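One structure is given here, and the rest of the page talks about it.
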Amino acid sequence: MFKKYITALAFSIVLLGQLQAQKDLKSALSTPEKIQEHFTGDLAYETTAFVEQYWRVVGNTGFDKSIYFVVEHLEKAGYILEEKAAPNDRLTYRVEKRALKNPTWEVVDARVLINSEENPLLAQETNRNMVALNSYSTPEGGATAEVIYVQDVKNLKNIDVKGKIVFAETNPGRIFNTALNQGAIGVMTYDNPSYLQPEKNTTSIQFRSIPLNAKAKGWAIALSFEAKERLKASLLEGVVKLKVHIETKTYESEELTVVADIKGSTLPKERLVFSAHVQEPGANDNATGVGVALEMATLSAKLLKENTWNPSRTLTFLWGDEIVSTARYVNEDKTRAEDIKWGISLDMVGENTDITGGSFLIEKMPDPSAIWTRGNDKHSEWGGSKMSLDQMKPHYLNDFVIREFERQGKRANWEVNTNPFEGGSDHMPFLQKNIPSVLFWHFTDQFYHTDNDRLDKVSKETLKNVGIAALNSAYILLNSDENTAKNMIETIEKAAILRLEEELKQGKIALKNGDKLQEQMDIIEAWEDWYVKAIATTVDMVQKEELIKESINKAQSTVKKTAARVIDDLKK
């Protein structure tokens, strides 16, 4: 009995020693290692699952529930409501409330029956995007009317549609008011773009909206490829009547925006801002952005409280209405805006690309690839307008985040790509105020903006990879100093040399194809100018420019010499 006691005691001592050693090892982990260990993607996925239940329109039930889900988890993580916070509280949040100019909207139910057939043409429970945003309810019991197929919408004004339902293959917003002004009771449209692969994803409906018309109180239905083909086949057989039942709500409400801050210790006015929009009906777009931002915010609070991480500058998170909330944040307080050093948009950041297609993308700040897109540079199917040299935004942020994300990609065997600037998300308001900003996203997604963008298309592993890489990037920037700047200069110099060598290769191909030498020289000089100026932007990491002036000059000289050599080579 005594021997058993001694043996058990010895085992307990050894076990306690091992546990303490493990604890000591964990406490000795670097901040990047802590992020790797603790950013699991669990909360990001849980948030995505909650938010994607709803079609979120600013001010409606689903939008507001999503906002307060974020608030609940911020409070659990230790964030204090700003108005109750003490001056030395570093974790704070606020919910900004503004009355909406127009009523908000939400759909309750909808169903379309065709020629009294039992099988509905469309039903809300399977196609929640079928009712166009801003549609009003049909009369109680539904509305039954003949369908008129308008093949050429230019001829709509010459067609008698009074008391009828107009069907056209176009965007509903294009014909809605005209159709209603001519007496139509509603419209049905189809215009899924080819990148959605509609003949494969036959049930997908890309969400649509119509102008708010409180006087006419009309409605519009968007069709899937399957429903469109069925309707057209029925029309070939003769007169088609549809019974349309729509129940929606429009009501006065307010716009909510959540702003959470982790106050910097020594440079609190300077900040990095992550922005994730809440509205839209999808899971990947953009419940995933909401989720990744929330897990980053809660993990950052945990690491701060554990004294594992202490940011010099302030880290801010925004959740709200796409572009609108971010634009307000950078415009309404000019003093605050002057100290925003970096802005990052989190939009469609959790895709299971084995299902959705596409890949993770970093949309770069405007650089010459947005003018001359060639070689490895490719626009997404979202597309972008060709830019001009005066629209360029030279900055180190592009190559910095590419470096950090490629490191995570290598660790996790995760594909990371880039695309030239295209716009269309929360990075735009930052750039319009000359604040360095990039977009983290995925494209092409064959379920983009459709009612098949649901939780089964989301990958927790992707959420984790994006969150880890984004948080690592943020932490480096928030504590950047002379050493960070010098390291960044080296990164940009290497990237510049690689770019110039690639443009030499592309230039020679272009010359063989008959392009002019002067244009190829212009391209090289544009990249030279962009990188020389990007190197100079590293001064925003230091308090005294002279600390890195020599490094800047040396790197700029190398870039200029490389560009001169490349141009000489092109002339041979």
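Listing for the model above:
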read-out	value
Residue 122 long-range amide H proximity, modeled H, under 5 Å	112
Burial order of peptide ranges 410-419, 391-400 (average beta-carbon count within 10 Å, highest first)	391-400, 410-419
Relative intensity, log₁₀ I(q)/I(0), of the range 316-394 from a Debye sum that treats every alpha carbon as a point, q = 0.12 Å⁻¹	-0.52
Degrees between helix 287-305 axis and first principal axis of the chain (Cα, 0 to 90, nearest 10)	30
Nitroxide proxy distance, nm - points 7 Å out along Cα→Cβ at residue 249 and residue 456	2.9
Shape box of the range 244-298 [Cα atoms, principal axes, largest first, Å]	61, 26, 15
Point-to-point label distance, residue 178-residue 522, nm (Cα→Cβ direction, 7 Å offset)	3.9
Rg(Cα)/(2.2 N^0.38 Å) for the chain, N = residue count	1.13
The chain, relative contact order [Cα under 8 Å, separation at least 6], %	16
The chain - share of DSSP beta bridges that are antiparallel (%, nearest 5)	55
Antiparallel bridge percentage (DSSP; both residues within the range 104-249; nearest 5)	60
Contact order relative to length of the range 482-571, as percent, for alpha carbon pairs under 8 angstrom and 6 or more apart	49
Amide H within-cut-off set for residue 170, under 5 Å, with H built and near neighbours excluded	190
Ranked packing of 203-210, 402-409, 512-519, most packed first, by mean Cβ within 10 Å	203-210, 402-409, 512-519
Estimated 222 nm signal from helices in the chain, with DSSP H stretches of n ≥ 4 weighted -39500 (n - 2.57), rounded to 500	-13500 deg cm²/dmol
Burial ranking of peptide ranges 141-148, 266-273 (average Cβ count within 10 Å, highest at the top)	266-273, 141-148
Nearest 10 degrees, 0 to 90: helix 172-181 Cα axis against the chain principal axis	30
Contour excess over end-to-end distance, with Cα ends at residue 101 and residue 151 and 0.36 nm allotted per residue	14.4 nm
Distance cut-off 19 Å, percentage of C-alpha pairs in the range 104-249 lying past it	46
Residue order, fewest to most beta carbons within 10 Å, for 373, 104, 314	373, 104, 314
Cβ charges +1 (Lys, Arg) and -1 (Asp, Glu), total dipole of the chain, debye	540
16 Å reach of a label modelled at residue 267, 7 Å along Cα-to-Cβ, counting backbone N of the range 480-497	480-489
Over the range 482-571, volume per residue of the alpha carbon convex hull, in Å³	65
Other-chain or far-sequence residues with amide H under 5 Å of residue 255's (modelled H)	98, 99, 100
Estimated FRET transfer efficiency (residue 125, residue 65; beta-carbon r; R0 22 Å; 0.05)	0.65
Whole-Å distance, taken between Cα centres, linking the range 327-368 and the range 83-105	22
Backbone N within the range 530-572 under 20 Å of label point (7 Å from residue 501 Cα along the Cβ vector)	530-532, 535, 555-572
Solution diffusion estimate, µm²/s, Stokes-Einstein, the range 152-226, Kirkwood Rh from C-alpha pairs, 4 °C, viscosity 1.567 mPa s	101
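Read-outs throughout are calculated quantities, based only on the coordinates presented, and are distinct from any laboratory measurement. Bear in mind the structure is a predicted one, so any value in this text is a computation, not a measurement. Positions of Cβ are generated from backbone atoms using ideal geometry, with glycine treated the same way; all protein chains shown enter the neighbour counts.
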